[in-house]
1. Which net charge results when you count Lys and Arg as +1 and Asp and Glu as -1 among the other residues whose beta-carbon is under 10 Å from that of B:V99?
2. Under 21 Å Cα-Cα from C:K110, which lysines qualify once same-chain neighbours fewer than 8 residues away are excluded?
3. With runs of 4+ DSSP H residues as the only contributors, calculate the mean residue ellipticity of chain A at 222 nm using -39,500 (n - 2.57) per run, divided by the residue total and rounded to the nearest 500.
4. Could you work out the relative contact order of chain A? I mean the mean sequence separation of Cα pairs under 8 Å and 6+ apart, divided by the number of residues, in percent.
5. Based on Cβ point charges of +1 for Lys and Arg and -1 for Asp and Glu, what charge dipole magnitude is obtained for the protein assembly as shown about its Cα centre, in debye rounded to the nearest 20?
6. Against the longest principal axis of chain A, how steep is helix A:60-81, in degrees 0 to 90 to the nearest 10, with axes from Cα atoms?
7. Would you order A:Y50, B:Y25 from fewest to most other beta-carbon atoms within 10 Å of each residue's own beta-carbon?
8. Of C:S56, B:S138, how do they rank once you tally other Cβ atoms within 10 Å and put the fewest first?
Amino acid sequence: MGKIDDKLASLGITLPATVAPAANYVPARRLGTQVFISGQVPSRDGKDLYTGKLGSDFSTEEGQAAARVCAVNVLAQLRQALDGDLDRVVGVVRLGGFVNAEPDFGEHPKVVNGASDLMVEVFGEAGRHARAAIGCYSLPRNVPVEIEALFEVR
Amino acid sequence: MGKIDDKLASLGITLPATVAPAANYVPARRLGTQVFISGQVPSRDGKDLYTGKLGSDFSTEEGQAAARVCAVNVLAQLRQALDGDLDRVVGVVRLGGFVNAEPDFGEHPKVVNGASDLMVEVFGEAGRHARAAIGCYSLPRNVPVEIEALFEVR
Amino acid sequence: MGKIDDKLASLGITLPATVAPAANYVPARRLGTQVFISGQVPSRDGKDLYTGKLGSDFSTEEGQAAARVCAVNVLAQLRQALDGDLDRVVGVVRLGGFVNAEPDFGEHPKVVNGASDLMVEVFGEAGRHARAAIGCYSLPRNVPVEIEALFEVR
Ligand SMILES: [Ca+2]
């Protein structure tokens, strides 16, 4: 167990088994010290835990919880890409936060905080990152949030 | 003719002449070993081959075909940026797939596969990439798909 | 005063005081020679200067003006990240332009030109960048435009 594994355990977070997409893209791609993680949705064991939109089906707080599940999935894919060793993470560089929302919804930043907060809980100061948080009026299978990420690794 | 040019020929793909945008952005920007390609739409010779939205105007299969045209345009801009030598491509790092879709549409990943599949047909294993596939409810000139890309080059 | 400060002054542009978000993300994140700037909206002194959508509330020209304000805020965050020295900028690598637009709006590129043009006014040829310009049907607090950016620095 590494330090970050210990931290995850202390937070009560179990990273799920990863599923590689049945397609010509991959969950993670490395370029030098950068690891790009594909957009993750709030699913576990192949089932979407949330489907619907912010501003109608879900409250901002529910959206945050969904974003946190996306972020857990991001970390699961990252660990897989790092051969199980999350201690190789230098920091979180950027998150892209995509919120499936009604046209009058405006709390995208709060929703995406569900993912940002997890990064800082797990990595501390090194978890602080640049970010874009935007609205979509549709997402894959009508999930409420999708999170993509860029990490610096050693 | 390079190896990738041969591959394109064997796939029956002719890269179109590139058009630089009449604006203060450029089709491709290099940073070290990275080449960023601006969002490409399904146009050829200055004409949009598809206009309309997924979930109403176009089927998922038509969206895939449009995404493939976007990806061909990505490769055309990349070749131009590499002075004609696509053999300098080390791999595809990330695709951003933006699907112009009705609010109840959910098959964004299948649509963007039209671009991802082309990358693997052309570059083989090195063509596998990280990806985000999201929905937009409007895109430039109402095209159904836009694809941006990041490549690693030597 | 550096060269870029002089250029900003000659353009009549005053970079605003920066505000760090009250959250677990940061306005700017460096990775080697790259600086990622978080999505900026058209606000100043904590107030949104524009709220509403393209295609209904705002004309394309008003959207361009809003995009320019976003870009000024991008530069303010970048200067802060570079300890006040914008002469360390090697160039603008990529802009992400997110336009809050009605479903039939199609002039996203023109709107985002408001940001792209500023980059070239300030940095000259080094200001030319790759770009994706897409439509959203909602953005934080219903602002009409959000701009994120990637810079190369020394
Ligand atoms: Ca949208």
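Each value in this text was obtained by applying a stated rule to the coordinates, not by laboratory testing. The shown structure was predicted, so the numbers you read here are calculated from the model rather than taken from an experiment. Don't worry about glycine lacking a Cβ; one is built from the backbone with ideal geometry, like all the others, and counts go over all protein chains shown.
1. Working: positive: B:K53, B:K110; negative: B:E107, B:E146.
Local charge sum for B:V99: 0.
2. B:K47, B:K53, C:K53
3. Details: 3 runs with 46 residues, N = 154.
Counting only the DSSP helices, I get -10000 deg cm²/dmol.
4. Details: 307 pairs, mean separation 51.7, N = 154.
Value for chain A: 34 percent.
5. Details: 48 positive and 57 negative charges, 214 e Å.
Approximately 1020 debye in magnitude.
6. Roughly 30 degrees between the two axes.
7. Numbers: A:Y50 21, B:Y25 28.
So the ranking, lowest neighbour count to highest, is A:Y50, B:Y25.
8. On the way: C:S56 10, B:S138 27.
Exposure proxy ranking, most exposed first: C:S56, B:S138.
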